[in-house]
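Encoded as structure tokens, the structure appears first; notes follow it.
Derivation of every value follows stated rules applied to the coordinates shown; laboratory data play no part. Model, not experiment: these values are computed from the prediction. In this analysis, Cβ positions are derived from the backbone assuming ideal geometry, glycine residues included, and neighbour counts consider all displayed protein chains.
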């Protein structure tokens with residue numbers, strides 16, 4: 001029985017030592033990984049965000065801001081129950097320029 005205890009103690013110590021070595025090796029390589037991600041952030045991510053913002057700005061400049069034509073489709077803008085706010089006919093995030101009511105756009 002004592003021999004079995006000594007063997008299990010030896011195996012436990014060796015596995016703990018090996019785990020500690022692996023953890024210290026991983027911590028030593030952490031500085032290199034952090035440097036790599038920092039470089040990638042400044043060289044790839046930030047310019048990518050800037051290009052996407054420029055693309056969105058240029059597309060918005062060419063976008064028409066006219067009110068879309070109202071087409072009274074019977075399956076759209078159905079009001080089977082009034083909304084619990086306001087006059088009950090407008091949705092919570094109603095935009096009078098874009099969102100039509102069942103009978104057409106609001107007049108300004």
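Quick rundown of the values:
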{"read-out": "Residue order, fewest to most beta carbons within 10 Å, for 101, 92", "value": "92, 101"}
{"read-out": "Cα Rg over Rh - the stretch 27-108, Kirkwood", "value": "1.35"}
{"read-out": "Exposure proxy ranking, count of Cβ atoms within 10 Å, fewest first, for 32, 107", "value": "107, 32"}
{"read-out": "Gained length - residue 99 relative to residue 83, 0.36 nm times residue gap less alpha-carbon distance", "value": "4.3 nm"}
